[in-house]
Amino acid sequence: IPDQVTEIGIRAFAFCNSLTDITIPAGVTRIDDEAFLRSDSVTAEVANGSYAQKYCKKNGIRYNGSGKETGGGGKPDTTLIIALVLFFLFPMTGFLKAYLSKKRKEKQKRADITRKLNKARREREERMANRKKIDDT
């Protein structure tokens, strides 16, 4: 991953089972929880004490602490380059964006329904409490 990268987004490397090694620069300050979803073969090269190291520990991703202050350098990882090309340039990207947008809308709809149900429950509880007060007097 180039040193200029500061964030790794949702499912950026998800389902990349052929991805075995990746170097995450010390400048990365945010990695989405699902960035490496089902990428079980990956081992990350991270700087000691970096956000990436903490992320790997938290999410059970194998890692090597290099102690380097920056990532990158050396020979590029061919697998990573292929994964990036496929992810960013593959014609299905429009489909993927539409699918993720649909999932976000569904999630928002579920959240709205939950809010409405909780509001109705609170209102019902308030009515019952008021009835009890009236009955007690």
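The values are calculated or read from the model by the stated rules, or taken from the named source; none is laboratory data. All values reported here derive from a predicted model rather than from experimental measurement. In this analysis, Cβ positions are derived from the backbone assuming ideal geometry, glycine residues included, and neighbour counts consider all displayed protein chains.
Odds and ends about this structure:
- Unique match (being at pLDDT below 60, surrounded by 14 or more Cβ atoms within 10 Å (Cβ to Cβ) and over 19 Å from F15 (Cβ atoms)) among K75, K68: K68
- Taking residues in the stretch 93-122 that are over 23 Å from F15 (Cα atoms), and partners anywhere that are outside any helix (DSSP H, G or I) and at pLDDT 95 or above, not one pair has Cβ atoms closer than 8 Å while being at least 6 places apart or on different chains.
- Selection count, the stretch 31-47, where residues are modelled with pLDDT under 90 and in a strand (DSSP E or B): 0
- Within the stretch 27-48, if we keep just the residues that are in contact with a strand residue (DSSP E or B) (Cβ under 9 Å, 6 or more places away or on another chain), surrounded by fewer than 20 Cβ atoms within 10 Å (Cβ to Cβ) and free of Cβ contacts under 8 Å to residues at least 24 places away in the same chain, the residue that is nearest to Y63 (Cα to Cα) turns out to be T43.
- Residues satisfying the stated conditions in the stretch 1-26, i.e. without any contact (Cβ under 8 Å) to a residue 60 or more places away in the chain, more than 24 Å from K103 (Cα to Cα) and surrounded by 19 or more Cβ atoms within 10 Å (Cβ to Cβ): I22, T23, I24, P25, A26
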